[in-house]
Amino acid sequence: MKVHEYQAKDLLRAAGVAVPDGIVITSPDEAAAAFTKLGGGLIVVKAQVHAGGRGKGVAIGPEVDRALALEIASGVKPRPDGMAKGVQLVKTAEAATHAAASLLGKTLVTYQTGAVGQAITKVLITVGHDIVKELYLGLAVDRALQMPVLMATTEGGVDIEQVAHETPEKIHREPIDVGLGLQDFQARKICKALGLSGPTAVNGAKFLKNFVKFFLDTDASLAEINPLIVTDKGEVLALDAKLNFDDNAMFRHKDIAALIDVAEEDPNELRAGQSGLSYVSLDGDIACLVNGAGLAMSTMDLIKYHGGEPANFLDVGGGANKDQVLEAFRILLGDPNVKAVLVNIFGGIMRCDTIAAAILAAYDEIDFTIPLVVRLEGTNVEAGKKLLDESGRKIITAVGLTDAAKKVVAAAKGAA
């Protein structure tokens, strides 16, 4: 689960992590009042969408070609005069109002959103600072070490992927014991790596310890501060913040779960989650209904290997019932890009006859006008195959995963 920058800063502030003051607005008319309330001076106006690259992003209306906007946001073409950036600096209330008007109601295109972009419905008005240093701080779970790792570098304001690729030696990595949190000696090591000293190092160590504690306490899966700034007064502040949380842990954090912005989420992914299904939308035209994440990944790989493109990842799990399978079909067939469906079930806890019954029920309830390929193996497989064979419906059966992948790719291409 992702949250907006302004929500991330509210959460961090409550946890004792230093962030600049800010006010979120939803209409340009609110910008001048927010500017005044924050004390004026240097103020930053920032589009709030779930994507990185906002500073280089382009806010566009329907009249602007989105492919062109993506080229501009990616630096391929120069930015024309008058085309608004996703992050703008202002020094007057009038300029704040103008900046907010140039963003709200528009679509922000960045290198992360792609040409589709994301609608801007909220803008953060926040205090600007005289910056002495721009640093980077990130926390993520290292699968190899099986623990969170705190990453810090002096290369703040730069895409961390670029730093990792070009100058990986500049990234300091500190493994975190989840039972102990960040220890004092680790905080001192990171401050030294970032070039912090004296009172600034004291502020930095406090920031780091509260940041790590927040990450562990909230079951976060990713936390990024880019840039982490040092001001002329020696303050250490999170100028920008990105937080992702483990969906599977949100039952423990209902306050965070309530922050979800459904407008920023894929509606099919939300719908699937409500039914206990694991679903991710992709760009292809072959829908997949599979039980087990490993089998789902293998199915997608084989579809691509044989010349097709998967339209989704969908894992119905090991114990899905008939209603869940029916809902999975509704989601898959609701995608207008889908030209064929592959059902690949290896029955363990999941029984093949349950899947077969759900497939036949889907035919009765849903307008099934595209080819369907079914591969069943495992528990009650003969009973499941018998149900399909005797149904009289146009279902393409397959023996083995390779056979299923070849048949569904051919069906999608109109060769079946």
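Structural remarks
- Output for the range 131-185, where each listed residue is closer than 25 Å to residue 219 by Cβ and charged (D, E, K, R): 142, 143, 161, 173, 174, 177, 184
- Of everything in the range 33-54 that is more than 24 Å from residue 110 (Cα to Cα) and either β-branched (Val, Ile, Thr) or surrounded by 18 or more Cβ atoms within 10 Å (Cβ to Cβ) (or both), the residue that is farthest from the chain's Cα centre (by Cα) is 36.
- Subset of the range 12-58 [within 29 Å of residue 80 (Cβ to Cβ) and assigned to a helix (DSSP H, G or I)]: 28, 29, 30, 31, 32, 34, 35
- Complete set of residues in the range 105-152 that are more than 21 Å from residue 87 (Cβ to Cβ) and in contact with a strand residue (DSSP E or B) (Cβ under 9 Å, 6 or more places away or on another chain): 139, 140, 141, 142, 145, 147, 148, 149, 150, 151, 152
- Condition check for residue 369: among the β-branched types (Val, Ile, Thr), farther than 15 Å from residue 277 by Cβ and within 34 Å of the chain's Cα centre (by Cα): yes
- Whether a residue is under 30 Å from residue 203 (Cα atoms) and at pLDDT below 95 was assessed, and residue 52 passes this test.
- Residue in the range 223-230 that is closer than 24 Å to residue 146 by Cβ, surrounded by fewer than 16 Cβ atoms within 10 Å (Cβ to Cβ), out of contact with any Pro (no Cβ under 7 Å at 6 or more places or on another chain) and not basic (Lys, Arg) present: no
- Residue in the range 353-390 that is modelled with the lowest pLDDT, counting only those that are part of a strand (DSSP E or B) and either surrounded by fewer than 21 Cβ atoms within 10 Å (Cβ to Cβ) or not basic (Lys, Arg) (or both): 378
- In the range 182-197, the residue that is farthest from residue 210 (Cα to Cα) out of those that are crowded, with 17+ Cβ neighbours inside 10 Å and among the small types (Gly, Ala, Ser) is 193.
- Qualifying helices (runs of 4 or more DSSP H) (wholly inside the range 246-332; at least 2 residues being within 20 Å of the chain's Cα centre (by Cα), surrounded by 15 or more Cβ atoms within 10 Å (Cβ to Cβ) and in contact (Cβ under 8 Å) with a residue 40 or more places away in the chain): 267-274
- Residues of the range 207-239 that turn out to be closer than 13 Å to residue 181 by Cβ and not β-branched (Val, Ile, Thr), as a count: 9
- Residue pairs whose Cβ atoms lie under 6 Å apart, separated by 6 or more positions or on different chains, with the first residue in the range 27-41 and under 16 Å from residue 102 (Cβ atoms) and in the same structural domain as residue 106 (by TED's automatic domain parsing) and the second in a helix (DSSP H, G or I) and of a type in the set (S, T, N, Q), are 28/97; 31/97; 32/97.
- For residue 179, the criteria (1) surrounded by 14 or more Cβ atoms within 10 Å (Cβ to Cβ); (2) not polar (S, T, N, Q); (3) not in a helix (DSSP H, G or I) hold in every case but one, which is (1).
- Filter pass, residue 350 being part of a loop (DSSP other than H, G, I, E, B) and either small (Gly, Ala, Ser) or buried (at least 19 other Cβ atoms within 10 Å of the Cβ) (or both): yes
The values are calculated or read from the model by the stated rules, or taken from the named source; none is laboratory data. All values derive from a computational prediction rather than experimental measurement. Note: ideal-geometry Cβ built from the backbone for every residue, glycine included; neighbour counts use all protein chains shown.
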